[in-house]
Amino acid sequence: MPHKFGRILYGGDYNPNQWPKEIWKEDMRIFKDARINSASINIFSWAKIQPSEEEYDFSQLDEIVEMLSAENYDIVMATSTAAMPAWMVKKYPEVARVDYQGRKHKFGQRHNACPNSTVFQKYASALVEQLAKRYADNKHVTCWHISNEYGGDCYCENCEKAFRVWLRNKYKSIETLNEAWNMEFWGHTVYEWDEIVLPNMLGDGMEDGINTAFAGLSIDYRRFNSDSMLNNYKMERDIVRRYNSDVVITTNLMGAYKNLDYFKWAKEMDIVSWDNYPSLDTPWSYVAMNHDLMRGLKSEPFMLMEQTPSQQNWQPYNSLKRPGQMRAQSYQTIAHGADTVQFFQLRRSVGGCEKFHGAVIAHVGTEDTRVFREVKQLGEELASLGTSTLGSVNETPVGMIFDWDNYWSFEYTSGPSVALEYVDQIHRYYKYFYDNNIGVSMIPWDGEFAKYKVIVAPVLYMVKKSMKEALEEYVKNGGILITTYMSGLVNESDNVYLGGYPGPLRNLTGVWVEEIDALLPQDQNEAIFADGYRSKCTIVCDLIHLEGADCMATYGRDFYAGMPAVTKNQYGAGCTYYIGSCMDQEGIAKVMEMAVSDGGVKPLVANATKLEITCRKAADWDFYFVMNFTDEVLEVPSEFVGNEDVLTGQPVQAGDVMKKYDVKIVKVKRQ
């Protein structure tokens, strides 16, 4: 696959406007020592470059661009629209957001503009026009960074009016809308479009901000909010594109962030970029899953736009990254598809809420720090890699469905258990493949299913139009599908499929789920497999009747003891596994092993290992990233003996071992 950049971009957020000019020269010297070659600039500079409604001042930004260009940097030019200047809110207060509680905000914070404010759109467009005219021809501006970390929501009158227009375009008639939202419930039928109100705490949203009286309404609002912000992105992107038809344009996403439908966003982005901020105790499998999700949005390599070189400042406990951790984490990112490694931030700010957020240059102001030495080591290694990994791809035998409509609808569900969280459920099944070094691609509900030997669709609560047919076709043609409890229950308006659970998946799974039991946190059941193995079951238990499927495990307790807990249904040339309860990781592994065996899926290495191993494929070479994130000393798999570790230039030797945070990139000639 052609790569977007001429080298691995190594750098990050740079804010020289916060510092006197004598610091700039010192920064250039220190960054050069670390082999930093890129800088993301102008991210929050709107107030600096437009001090009033009628006035622009690009003098300082010009100097910054000239300095970086002279140093041969790849410049990631942001549009500065992520935070409005004070004069705009003062003169046009309607640009500020209204929150879920119905409170009108004043000037402050960021993500502070109503996405449907025509005033905001007018001034944002004008600013981007000025920036694009001025810098689009600069060959060093190799990427445009629209806004920054789009997020949040707004419940103001601008949004309410725009939502009604959005709904009219979607439903065409008020009768169709009432039917979709089941507005006969509680006598909520509306007769005019202007009777529709936004689902915040003043309307049909519930006080906790999590639940809603009408999920169809609230899901549509989430779709609308995501579309509204996407329209802002497209507005700015299109202005830049008019002045440069070839430059890469992106905005930084945030992993499994709930508010925005990233699969829809990715279609409008030249390359996906994202900000990776795990905690010290975040499982490495969860970090890897987020990388695979970001790669899966376009099925292409992505940008790491932000990570911290040392510690964060906004989590409850902001632990330091341990020696070697930043380097290993960066290589994990590349292993899962990144073509860049960038930090927030390059120099630690002197004030504001992020002044203790980590940086390449700490408050001491010199390169004589542990963190800088690690940044320098990584920079030298990335420079030595050159372009060898750029554009290389992750080909995987397993696809896992991740869907924002399901995310929203699943977590709006009133019952059966508050312990059901969408991303947690996805991770439970992803972890098996991570632990066994089997590659996974996170895929949309309407993805190319035929590319995968096995597809996993946990908690596929909402089954949208054509999804049933696509899954049936996949399995009929020999695919292996795994789905679970809380699947096939509702349509895209969150109305229940009548005729028995799992609704449109009933024939495919060969089961009828009569009831769903919710277990208290202190309670559990068990799934007993044919070989006697017992898996702990928590959260929910489906009461399953067989309708053609085979029983693979039964419940061991309660009045439904002996009823099926796990089933397998032959369908055409393939089969579907249905997991009826939230089993422990060992129980999940038991089912996954059956499924991958049916699908002919093999791990990347023959023998089990606790090392994380991921493969990226270039034109003639396969690059195996071998990483140790455990506390144990582990031996390198024998398959790699004799092949070059490109980080050292030496062949892997029999008996080589790896300590915690050690990394090897093993280069294997394609057969």
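The values are calculated or read from the model by the stated rules, or taken from the named source; none is laboratory data. All of these numbers come straight from a predicted model, not from anything done at the bench. Cβ sites come from the backbone with ideal geometry, for glycine too, and all protein chains shown count toward neighbours. Surface accessibility is based on the protein's heavy atoms, side chains included, excluding ligands, DNA and RNA. Shrake-Rupley method; radii C 1.70, N 1.55, O 1.52, S 1.80 Å.
For segment 548-562, does any single residue satisfy the condition of being under 33 Å from the mean Cα position of the chain (by Cα) and assigned to a strand (DSSP E or B)? No: segment 548-562 contains no residue that is under 33 Å from the mean Cα position of the chain (by Cα) and assigned to a strand (DSSP E or B). Just for segment 262-272: of the residues that are without any contact (Cβ under 8 Å) to a residue 40 or more places away in the chain and touching a strand residue (DSSP E or B) at 6+ places or on another chain (Cβ under 6 Å), which one is surrounded by the fewest Cβ atoms within 10 Å (Cβ to Cβ)? Within segment 262-272, the match that is surrounded by the fewest Cβ atoms within 10 Å (Cβ to Cβ) is M269. Which condition from (1) surrounded by fewer than 19 Cβ atoms within 10 Å (Cβ to Cβ); (2) in a loop (DSSP other than H, G, I, E, B); (3) at pLDDT 95 or above is the one that E411 breaks? For E411, the failing item is (2).
Going by the conditions given, is Q650 at pLDDT below 95 and open to solvent by 80 Å² or more (accessible area, probe 1.4 Å)? Give the steps one after another, and end with the answer.
Details: at pLDDT below 95: no; open to solvent by 80 Å² or more (accessible area, probe 1.4 Å): yes.
Against the criterion (at pLDDT below 95 and open to solvent by 80 Å² or more (accessible area, probe 1.4 Å)), Q650 does not qualify.
Looking at S441, S417, can you tell me which residue is at pLDDT 95 or above and assigned to a strand (DSSP E or B)? Give the steps one after another, and end with the answer.
Numbers: S417 fails: assigned to a strand (DSSP E or B).
Step by step, each of S441, S417 is checked, and only S441 is at pLDDT 95 or above and assigned to a strand (DSSP E or B).
Looking at E586, E593, which one is under 23 Å from D435 (Cβ atoms) and without any contact (Cβ under 8 Å) to a residue 24 or more places away in the chain? Unique residue meeting the criteria: E593.
Taking segment 162-193 as the search range and keeping residues that are in a helix (DSSP H, G or I) and in contact with a Gly (Cβ under 7 Å, 6 or more places away or on another chain), which one is nearest to K464 (Cα to Cα)?
In this case the residue turns out to be A180.
Among the residues of segment 119-160, the ones that are under 28 Å from V98 (Cβ atoms), in contact (Cβ under 8 Å) with a residue 12 or more places away in the chain, part of a helix (DSSP H, G or I) and not acidic (D, E) come to 10 in all. The lone criterion from (1) under 18 Å from the mean Cα position of the chain (by Cα); (2) open to solvent by 10 Å² or more (accessible area, probe 1.4 Å); (3) hydroxyl-bearing (S, T, Y) left unmet by S319 is number (1).
Out of all the residues in segment 389-407, is one or more in a helix (DSSP H, G or I), open to solvent by 10 Å² or more (accessible area, probe 1.4 Å) and of a type in the set (S, T, N, Q)? Within segment 389-407 (the criterion being in a helix (DSSP H, G or I), open to solvent by 10 Å² or more (accessible area, probe 1.4 Å) and of a type in the set (S, T, N, Q)), the answer is no, since none of the residues qualifies.
Counting only residues that are surrounded by 17 or more Cβ atoms within 10 Å (Cβ to Cβ) and in a loop (DSSP other than H, G, I, E, B), segment 498-513 holds 2 of them. With the structure loaded, tell me whether E593 is open to solvent by 50 Å² or more (accessible area, probe 1.4 Å) and in a helix (DSSP H, G or I) or whether it fails that test. Considered against the rule, which asks whether it is open to solvent by 50 Å² or more (accessible area, probe 1.4 Å) and in a helix (DSSP H, G or I), E593 comes out as yes. Scanning segment 247-256 turns up no residue that is in a helix (DSSP H, G or I), open to solvent by less than 10 Å² (accessible area, probe 1.4 Å) and touching a helix residue (DSSP H, G or I) at 6+ places or on another chain (Cβ under 7 Å).
Name the single residue, out of those in segment 273-304 being part of a loop (DSSP other than H, G, I, E, B) and of a type in the set (D, E), that is least open to solvent (accessible area, probe 1.4 Å). Filtering segment 273-304 for residues that are part of a loop (DSSP other than H, G, I, E, B) and of a type in the set (D, E), the one least open to solvent (accessible area, probe 1.4 Å) comes out as E300. Considering every residue within segment 226-234, establish whether at least one is modelled with pLDDT of 95 or more and open to solvent by 30 Å² or more (accessible area, probe 1.4 Å). Yes. Just one residue in the set S40, S45, S52 is in contact (Cβ under 8 Å) with a residue 24 or more places away in the chain, surrounded by fewer than 17 Cβ atoms within 10 Å (Cβ to Cβ), within 29 Å of P20 (Cβ to Cβ) and not basic (K, R); that residue is S52. With respect to the conditions (1) among the hydrophobic types (A, V, I, L, M, F, W, C); (2) open to solvent by 30 Å² or more (accessible area, probe 1.4 Å); (3) under 30 Å from K610 (Cβ atoms), I516 falls short on a single one, namely (3).
For H111, indicate whether it is modelled with pLDDT under 95 and either over 28 Å from W274 (Cα atoms) or touching a Leu at 6+ places or on another chain (Cβ under 7 Å) (or both).
Working: modelled with pLDDT under 95: yes; either over 28 Å from W274 (Cα atoms) or touching a Leu at 6+ places or on another chain (Cβ under 7 Å) (or both): no.
Judged against the criteria, H111 is not a match.
Within segment 68-125, the set of residues being within 29 Å of the chain's Cα centre (by Cα), more than 28 Å from W24 (Cα to Cα), polar (S, T, N, Q) and loosely packed, with under 14 Cβ neighbours inside 10 Å comprises just one member, Q101. If you go through segment 340-373 and keep only what is outside any loop (DSSP other than H, G, I, E, B), surrounded by 17 or more Cβ atoms within 10 Å (Cβ to Cβ) and out of contact with any Ser or Thr (no Cβ under 9 Å at 6 or more places or on another chain), you end up with just R347.
Can we say D598 is under 31 Å from the mean Cα position of the chain (by Cα), surrounded by fewer than 20 Cβ atoms within 10 Å (Cβ to Cβ) and either among the basic types (K, R) or modelled with pLDDT under 95 (or both)?
On the way: under 31 Å from the mean Cα position of the chain (by Cα): yes; surrounded by fewer than 20 Cβ atoms within 10 Å (Cβ to Cβ): yes; either among the basic types (K, R) or modelled with pLDDT under 95 (or both): no.
It is false that D598 is under 31 Å from the mean Cα position of the chain (by Cα), surrounded by fewer than 20 Cβ atoms within 10 Å (Cβ to Cβ) and either among the basic types (K, R) or modelled with pLDDT under 95 (or both).
In the set (1) part of a loop (DSSP other than H, G, I, E, B); (2) touching a residue at least 60 places away in the same chain (Cβ under 8 Å), D517 fails one condition alone, (1).
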